[in-house]
1. Mind checking whether some residue in region 134-143 is closer than 23 Å to Leu35 by Cα and more than 23 Å from the chain's Cα centre (by Cα)?
2. Just to be sure before I move on: is Val92 surrounded by 14 or more Cβ atoms within 10 Å (Cβ to Cβ), in a helix (DSSP H, G or I) and out of contact with any Asp or Glu (no Cβ under 7 Å at 6 or more places or on another chain) in the structure I sent?
3. May I ask you to list the residues in region 1-35 that are small (Gly, Ala, Ser) and either surrounded by fewer than 10 Cβ atoms within 10 Å (Cβ to Cβ) or modelled with pLDDT of 85 or more (or both)?
4. Report the residue count in region 62-75 for those that are of a type outside the set (Asp, Glu) and in contact (Cβ under 8 Å) with a residue 60 or more places away in the chain.
5. Which pairs turn up if I take residues in region 133-152 that are surrounded by 15 or more Cβ atoms within 10 Å (Cβ to Cβ) and look for partners that are of a type in the set (Asp, Glu) and assigned to a helix (DSSP H, G or I) with beta carbon separation below 7 Å, at least 6 apart in sequence or on another chain?
6. Any residue at all in region 99-120 that is of a type outside the set (Asp, Glu) and under 15 Å from the mean Cα position of the chain (by Cα)?
7. Identify the residue in region 1-38 that is in a helix (DSSP H, G or I) and among the aromatic types (Phe, Trp, Tyr) and, among all such residues, is farthest from Met125 (Cα to Cα).
8. Within region 39-64, track down each residue that is surrounded by 14 or more Cβ atoms within 10 Å (Cβ to Cβ) and outside any helix (DSSP H, G or I).
Amino acid sequence: MEAFNVQNRYEQQEEAYRMTEIEKWITFLILTFILLIAAFNVIGSLSMLMIDKREDIGILRNLGATDRFIRRIFLYEGWMISLLGATIGLVVGIALCLIQEHYGMISLGGGSGSFVTDTYPVKLMWNDVFIVALVVGAIGFLTAWYPVKRMLNKPR
């Protein structure tokens, strides 16, 4: 008597699915490193803003502003920069993913017919969007927090 081995498509192509999962995580890590490099620009911009506004900080202190209040001003400035960048990046990323998903702008193999599909397959997954938003938010928070803490803790 012969035995049949019934497998779904994930079990049949286990190696291919594992490779695409690894590709997804490697892409995520590479883009996270790019985000960290961009974070240095925000740190530099915020530090330059604080150096430029040192005289105004002194005026605020003379008017009775606490260090906590002044820290909050610059933290909110950094958070606004990060939030704006994250929002624009997420909207553009989602739009490009949806365009590729529905219209297939990036093709595979130049239409040679050697692939099962003619376009690079993508699927928008909201849990991935959420993870990206969390990582961008965390890096944005740290990017704003570090220069503010460093600058305002220096002796006057």
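The values are calculated or read from the model by the stated rules, or taken from the named source; none is laboratory data. Just so you know, these numbers come straight off a predicted model, no measurement behind them. No Cβ is skipped: glycine too gets one built from the backbone with ideal geometry, and neighbour counts run over all protein chains shown.
1. Restricting attention to region 134-143, the residues satisfying the condition of being closer than 23 Å to Leu35 by Cα are 134-143.
In the following step, the residues that additionally are more than 23 Å from the chain's Cα centre (by Cα) were identified as none.
No, region 134-143 has no match at all.
2. Numbers: surrounded by 14 or more Cβ atoms within 10 Å (Cβ to Cβ): no; in a helix (DSSP H, G or I): yes; out of contact with any Asp or Glu (no Cβ under 7 Å at 6 or more places or on another chain): yes.
It is false that Val92 is surrounded by 14 or more Cβ atoms within 10 Å (Cβ to Cβ), in a helix (DSSP H, G or I) and out of contact with any Asp or Glu (no Cβ under 7 Å at 6 or more places or on another chain).
3. In the first step, residues of region 1-35 are kept if they are small (Gly, Ala, Ser); the result is 3, 16.
Ala3, the sole residue that qualifies.
4. Applying the first criterion (of a type outside the set (Asp, Glu)) to region 62-75 yields 62-66, 68-75.
Restricting the remaining residues to those that are in contact (Cβ under 8 Å) with a residue 60 or more places away in the chain gives 70-71, 74-75.
The number of residues fulfilling the criteria is 4.
5. Leu152/Asp67
6. The first filter runs over region 99-120 and keeps only residues of a type outside the set (Asp, Glu), leaving 99-100, 102-117, 119-120.
Subset that is under 15 Å from the mean Cα position of the chain (by Cα): none.
Checked against the condition, which is being of a type outside the set (Asp, Glu) and under 15 Å from the mean Cα position of the chain (by Cα), region 99-120 yields no hits at all.
7. First, pick out the residues of region 1-38 that are in a helix (DSSP H, G or I): 9-12, 14-38.
From what is left, the residues that are among the aromatic types (Phe, Trp, Tyr) are 10, 17, 25, 28, 33.
Details: Tyr10: 18, Tyr17: 16, Trp25: 14, Phe28: 14, Phe33: 21 Å.
Filtering first and then ranking leaves Phe33.
8. Passing the criteria: only Lys53.
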